[in-house]
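One structure is given here, and the rest of the page talks about it.
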Amino acid sequence: MPKNLAVDPKKMKETETALRAEAGKLLGEGAVTAFLGHEEGWDGLPVPFFAATADEAKRLVWNPLVAFNLAKHLLDRLDGEGKLGIVVNGCGSLALNRILKDRRFPRERLHVVGVPCTGVLDPDKVLALPDAERKEVLQSGKVGAEFFLKRCGWCDAPNPVVYDSLIGDKVPEEAVPPLYPRVAELEAMKAEERLAYFQGLYEKCIRCFACRNVCPACNCRECSLDQWDPLWLGRAAVPSEQLMYHFIRAFDVAGRCIRCGECERVCSVGVPLMELNDKLMKDITELFGVQRPHVPADIEPLGQFDMGDPDVEGSH
Amino acid sequence: MAESPVPKATRLVTKAGLGAWLAALAADNTVMGPVMVDGKPLFRALAAGQEGDVDLESVHTVNSPKVGVLPQTEPMVRYRLDKDSGGAPTLSTEAPDSGPPVVVFGVRPCDAVAIELLDKVFLTGDFVDGAYKERRDKVTVVSVACPVPAKSCFCDSFGLTPGASRGADVVLYGRSGPGKVEGDAYYAVAYTDRGEALLGSAGSKAAGVADLPGTEGQKMENAISSFRALKTPLGDKLGRIDVAGKLDGLFENPYWEKISARCVSCGTCTFVCPTCYCFGVADTGAAGQGVRFRYWDSCKFPQFLTMAGGHNPRPAKKMRSRQRFMHKLNYYHHRYGEYLCVGCGRCVESCPVGLHLPLVAGDVRGL
Amino acid sequence: MTVNEPVMAESEPVAVGREPLIVGFLCNWCSYAGADSAGTGRMVQPTNVRIIRVPCSGRVNPRFILRAFQRGADGVLVSGCHPNDCHYSTGNFFARRRLMVLKRYLEYLGIDPARFEAHWVSASEGQKWAEVVRSMSERVKALGPAPKFGSLV
């Protein structure tokens, strides 16, 4: 885990003020037709919000709970000509770059406001605290490591990788060794145990598609798993089809996953989806010598090849 | 909504004896109940030997008990193409067996009411859904009065209480009244013939479901009244929700565009909701044989209403968000005279962007 | 029978009995032609492989292999042109990477990686094709039936 993981609510409040000012200015001048940020939703949960006027910009928030990746919501505004503003921290910018590198939204239509980040808390955990404790945490920022988002634990990109303007100073970056402990645990199991494990696990899945819908790498115009002809995914919510859904989707984002873990976080029944994504990321890194697989590149590992690639193991 | 239905039978069930009772019921029924799975309370069919793990402490399960009357995947007809002795093709079909009777156990009173709201859709009106009826006729609902309402509960906004008996065949009330279940037992009160039969069955007796001591009659009444007097913090704050009439004039209101912006178009709210019931029909199979089944669908999915030919009447998110809340708070009310929501709070807990019914109902009041 | 368990019995595997079913995805230009020449050459091969023709090994989407296993295949093989000889010049290079990742992924999911093989068979290599079919059928047969994903409904 990065050493300097911390939330500084006071600093975040200053950022919030600066953000509101900048977004307000952009909107007031007509430089953007809408600014995508967070606003305070139910019970203090920051939720995606398109501010459309300088006045609405005053509703933008920046606080320890801004976990939701905004980039995917840009796709709601594909139709339209106007420029959009968006605010991103480190992982938010990875999500944005995923959308941009997949050429799903034109960079020219964006004004990106970047915010260097030192950590964000898991809203579910914080909002579940008794009122007094919650208030204390949100005011002081003093909180145990387990309250941070899982992805903060392996973050090596705290500074936005794409931005037009920055609020706040860049923070020191730290190389974080790519470790996938859970994958190693599963790899150590016997094969039959593993299939049984996945079958038992994915039986919980209610096929709500929240994981797919929040994933920035899952950004197809029409998801092939929604198609009827060919019917890639049977509509029956039975373990056999649940396995197919998740196994296929994980491979479809293989090499493009930004390791944000939003899929896991929004899952209402608590399926540890990153077990699949991490495995693919680990293998791709090992097999093709990719340095930072979770940082979007112009061409991803599976979208390219090397003449010296190894042949499929065990084949001839 | 004051309620005081007359109990048909009363018994005492010890907390310690719950496992044995459920195991006895499992001999002739599929027993479904709340169990902790990897830290989350889920509602599901209990595996053999799991009866002792039923968790009645969590206020409600992440998923709802509607799976007991409307499975997420329900085979409707099985078909098979064979050849007869002369080599001519013959088609045979059969309706799959809907299985043994089901005891839907350990649900909250709001969830029991929700089942009744589903019954209105499937069992009344011009068309009675045969598959639903066949399954429903075999279901006995045993609810547990909520010891402590959760932060997200708002059943009283719809005139319900944590001690409601509507929709339940049997209600278990903690002997010591509301609050953490410190008492050693539950009063098991049957309100229907089905419930009476369950409590009086040989299996139940043998498993320790005992007659109520004569001296406890008043104590039981008091406990029941206390549960029915409980308020939920959120429901108390929201007050009674009565927006059906107002919504009549709000279809074209710009509110829907604004509030739906945050939605991610998943089906979480729909699938955890105890009163959502929309379904699609599909086929699966191999060459020469297959099954036609129905499966839960969500009006939030962009493709939900896509029709043959490709036309989609609800391509925009705002239309789909509007649809959900109009259905819950207006359309169903027009048809059946009450709201299609019981204030269970699952949408409040599960929606990743907090776009749920209390939010919208509150906002609509202010429009 | 509970409402959480599939009511329909497991869908019948397409191949019943002890002979394994192997689904093969063969590229049209090299491998399919190679398999064809094995046939016209009357080479002896077991009949366990069901061939699906694709334009190029690069067209093979990993979901095809997963679906084959889901629907009852005991083994799956993909065969394409030799690297540098792809009819579309680079298709098989992409396939090579993709299938390499898939092989390890299948093992992780609990499917014996020996059930999935990738080969390069050219149009003139009928002999090689027959050998691939023979050896793979033998290997998969020795492994027994593949683990089942479960009923489809």
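Taking the dipole about the Cα centre of the range B:143-239, with the C-beta of Lys and Arg at +1 and of Asp and Glu at -1, give me whichever of B:P213, B:T192, B:S176 is farthest to the positive side.
B:S176
State the dimensionless ratio Rg/Rh of the range B:146-211 (Rg: radius of gyration of Cα atoms; Rh: Kirkwood radius).
Working: Rg = 13.8 Å, Rh = 13.3 Å.
Answer for the range B:146-211: 1.03.
Give the Cα extents of the range B:231-273 along the principal axes, in whole Å, largest first.
In descending order, the Cα extents are 32, 28, 16 Å.
What ranking of C:H82, A:H38 emerges when the number of other C-beta atoms within 10 Å of each C-beta is taken as an exposure proxy, fewest first? Walk me through the numbers before you get to the answer.
Working: C:H82 14, A:H38 24.
Result, fewest neighbours first: C:H82, A:H38.
Suppose every Lys and Arg Cβ carries +1 and every Asp and Glu Cβ carries -1, with no other charges. What dipole size does the range A:9-166 come out with about its Cα centre, to the nearest 20 debye? Don't skip to the answer; put the middle values down first.
On the way: 22 positive and 22 negative charges, 81 e Å.
In debye, rounded to 20, the range A:9-166 gives about 400.
Between B:S64, B:A27, B:V54, whose Cα lies farthest towards the positive end of the dipole of the range B:1-156 when Lys and Arg beta carbons carry +1 and Asp and Glu beta carbons carry -1, centred on the Cα centre?
The listed residue farthest towards the positive side: B:V54.
Could you check which residue among C:N48, C:N28, C:N61 shows the biggest mean-square fluctuation in a GNM of chain C with a 10 Å Cα cutoff?
It is C:N61.
Sort out for me the Cα centre separation of the range A:216-268 from the range A:5-55, rounded to whole Å.
31 Å
Near B:R335, within a Cβ-to-Cβ distance under 15 Å, what is the net charge of the other residues, with Lys and Arg +1 and Asp and Glu -1?
-3
Apply 1/(1 + (r/R0)^6) to the Cβ-Cβ distance of A:L75 and B:E94, taking R0 = 45 Å, and write down the FRET efficiency to the nearest 0.05. Intermediate values should be presented prior to the final figure.
Numbers: r = 45 Å, r/R0 = 1.01.
Approximately 0.50, to the nearest 0.05.
What per residue convex hull volume, in Å³, comes out for the range C:31-143 when only alpha-carbon positions are used? Before the final figure, lay out the partial values.
Details: hull volume 10.1 nm³, N = 113.
Spread over its residues, the Cα hull of the range C:31-143 gives 90 Å³ apiece.
Which one of C:Y108, C:A130, C:W120 has its Cα pushed farthest toward the positive end of the charge dipole of the range C:31-143, where Lys and Arg give +1 and Asp and Glu give -1 at the Cβ?
C:Y108
What is the distance in Å between the Cα centroid of the range B:294-314 and that of the range B:31-75?
29 Å
Tell me, Kirkwood radius of the range B:9-365 from alpha-carbon pair distances, in Å? Each step should come with its number before you reach the end.
Details: mean 1/r = 0.0457 Å⁻¹.
About 21.9 Å for the range B:9-365.
With a ≥ b ≥ c taken as the square roots of the eigenvalues of the C-alpha gyration tensor of chain A, please select rounded if a/c is under 1.5 and otherwise prolate if a/b is larger than b/c or oblate if it is not? Present the calculation step by step, with values, prior to reporting the outcome.
Numbers: a/c = 1.62, a/b = 1.45, b/c = 1.12.
Since a/c reaches 1.5 and a/b is larger than b/c, the shape of chain A is classed as prolate.
Considering only the other residues whose Cβ falls under 14 Å of the Cβ of A:A23, what net charge follows from Lys and Arg at +1 and Asp and Glu at -1?
Details: positive: A:R20, A:K25, A:K58, A:R59, A:K83; negative: A:E16, A:E22, A:E29, A:E39, A:D55, A:E56, A:D164.
Local net charge: -2.
With charges only on Cβ, +1 for K and R and -1 for D and E, what is the dipole size of the range B:1-124 about its Cα centre, in debye, rounded to 20?
Working: 11 positive and 15 negative charges, 26 e Å.
Charge dipole of the range B:1-124: 120 debye, to the nearest 20.
Let's see if you can work this out: charge +1 on each Lys and Arg Cβ, -1 on each Asp and Glu Cβ, no other charges. What is the dipole magnitude of the protein assembly as shown about its Cα centre, in debye to the nearest 20?
Working: 100 positive and 99 negative charges, 192 e Å.
The calculation lands at about 920 debye.
Project the alpha carbons of the range C:33-72 onto their principal axes and report the range along each, largest first, in whole Å.
33, 23, 8
Against the globular-protein guess of 2.2 N^0.38 Å, express the Cα radius of gyration of the range A:35-133 as a ratio, rounded to two decimals. Display every interim value, and only then the final one.
On the way: Rg = 14.3 Å, N = 99, 2.2 N^0.38 = 12.6 Å.
This ratio for the range A:35-133 stands at 1.13.
How big is the shadow of the Cα convex hull of the range B:251-299, averaged over all directions, in nm²? Please report the intermediate quantities before stating the final value.
Working: hull surface 21.6 nm².
So the mean shadow area of the Cα hull is 5.4 nm².
Would you mind estimating how fast the range B:14-147 diffuses translationally, via Stokes-Einstein at 25 °C and 0.890 mPa s with the Kirkwood radius over Cα pairs, in µm²/s? Don't skip to the answer; put the middle values down first.
Numbers: Rh = 16.7 Å.
Translational D for this selection: 147 µm²/s.
Over the range A:94-248, what is the mean sequence separation of C-alpha contacts under 8 Å (at least six apart), divided by residue count, expressed as relative contact order in percent? All intermediate terms of the calculation are to be shown ahead of the outcome.
On the way: 117 pairs, mean separation 39.1, N = 155.
Rounded, it is 25 percent for the range A:94-248.
Counting GluC sites (Glu not before Pro) as exposed when in a DSSP loop with at most 10 other beta carbons within 10 Å, what is the longest stretch of chain A free of them? Mind showing how you got there, number by number?
Numbers: sites that count: A:E29, A:E81, A:E222.
That would be A:82-221.
Please work out the FRET efficiency for the pair A:S140 and A:D309, using the Cβ-Cβ distance as r and a Förster radius of 51 Å; give the result to the nearest 0.05.
E between A:S140 and A:D309, to the nearest 0.05, is 0.45.
Which trypsin sites (Lys or Arg not before Pro) does the range A:1-78 hold that lie in a coil by DSSP with at most 10 other beta carbons within 10 Å? List each step's numbers first, then the result.
Values: sites: A:K3, A:K10, A:K11, A:K13, A:R20, A:K25, A:K58, A:R59, A:K72, A:R77; in loops: A:K3.
Here the sparse-neighbourhood loop sites are A:K3.
Among B:A114, B:A88, B:A210, which one moves the most in a GNM of chain B with springs linking Cα atoms closer than 10 Å?
In this elastic network of chain B, the residue with the biggest mean-square fluctuation among B:A114, B:A88, B:A210 is B:A88.
Once Rh is set to the Kirkwood radius over Cα pairs, what Stokes-Einstein translational diffusion coefficient, in µm²/s, holds for the range A:181-303 at a temperature of 20 °C and a viscosity of 1.002 mPa s?
This corresponds to a translational diffusion coefficient of 140 µm²/s.
Hey, what D do you get for the protein assembly as shown in µm²/s if you plug the Kirkwood alpha-carbon radius into Stokes-Einstein at 4 °C and 1.567 mPa s? Mind showing how you got there, number by number?
Working: Rh = 29.3 Å.
Result for D is 44 µm²/s.
Full extension from C:Q127 to C:R42: what is 0.36 nm times the residue separation minus their Cα-Cα distance, to one decimal in nm? Please list the in-between numbers first.
Working: separation 85, 0.36 × 85 = 30.60 nm, distance 1.02 nm.
Length gained between C:Q127 and C:R42: 29.6 nm.
How large are Rg and Dmax for the range A:104-168 when only the alpha carbon atoms are used, in Å?
15.4, 45
Are any of the pairs A:K72/B:K328; A:K101/A:K150; A:K58/A:K83; B:K66/B:K328; B:K8/B:K138 more than 21 Å apart by Cα-Cα distance, and if so, which?
Working: A:K72/B:K328 28 Å; A:K101/A:K150 25 Å; A:K58/A:K83 19 Å; B:K66/B:K328 16 Å; B:K8/B:K138 19 Å.
Cα-Cα > 21 Å for A:K72/B:K328; A:K101/A:K150; rest within.
Can you tell me the equivalent ellipsoid semi-axes for the range B:256-367? Use √(5λ) from the Cα gyration tensor, largest first, whole Å.
Values: eigenvalues 156, 53, 39 Å².
Semi-axes (√(5λ), whole Å): 28, 16, 14.
Could you calculate the FRET efficiency of A:A18 with B:L305 from 1/(1 + (r/R0)^6), where r is the beta carbon distance between them and R0 is 45 Å, rounded to 0.05? Each step should come with its number before you reach the end.
Details: r = 43 Å, r/R0 = 0.96.
Here the calculated transfer efficiency is 0.55.
Of A:K204/B:K133; A:K170/B:K40; B:K15/B:K151, which pairs sit farther than 29 Å apart, going by alpha carbon to alpha carbon? Mind showing how you got there, number by number?
Values: A:K204/B:K133 26 Å; A:K170/B:K40 39 Å; B:K15/B:K151 25 Å.
Distance filter (> 29 Å) returns A:K170/B:K40.
Between A:D124 and A:A175, what is the label-to-label distance in nm when each label sits 7 Å out along the Cα-to-Cβ direction?
3.4 nm
In the range C:89-130, whose amide N lies under 14 Å from the spot 7 Å out along Cα-to-Cβ of A:A297? List them in ranges.
Of the residues in the range C:89-130, none has backbone N under 14 Å from the label point off A:A297.
Hey, what did chain A get for relative contact order, percent, Cα under 8 Å, at least 6 apart?
Details: 490 pairs, mean separation 51.1, N = 316.
Here the relative contact order equals 16 percent.
So how much slack lies between B:E134 and B:V6, counting 0.36 nm per residue of separation and subtracting their Cα-Cα distance, in nm? Each step should come with its number before you reach the end.
Values: separation 128, 0.36 × 128 = 46.08 nm, distance 2.72 nm.
Using 0.36 nm per residue and subtracting the Cα-Cα distance, I get 43.4 nm.
Give the cross-link partners of A:K190 among the aspartates and glutamates, using a straight C-alpha distance below 13 Å as the criterion and excluding same-chain residues fewer than 8 apart.
Partners found: C:E107, C:D112.
Please give, to one decimal in nm, the separation of the simple spin-label points placed at B:F251 and C:R134, each 7 Å out from Cα toward the Cβ.
7.4 nm
Coordinate-derived values only; no laboratory data. Quantities reported herein were computed from a predicted structural model and do not represent experimental measurements. Methodologically, a virtual Cβ is constructed for each residue, glycine included, from the backbone with ideal geometry; neighbour enumeration extends over all protein chains shown.
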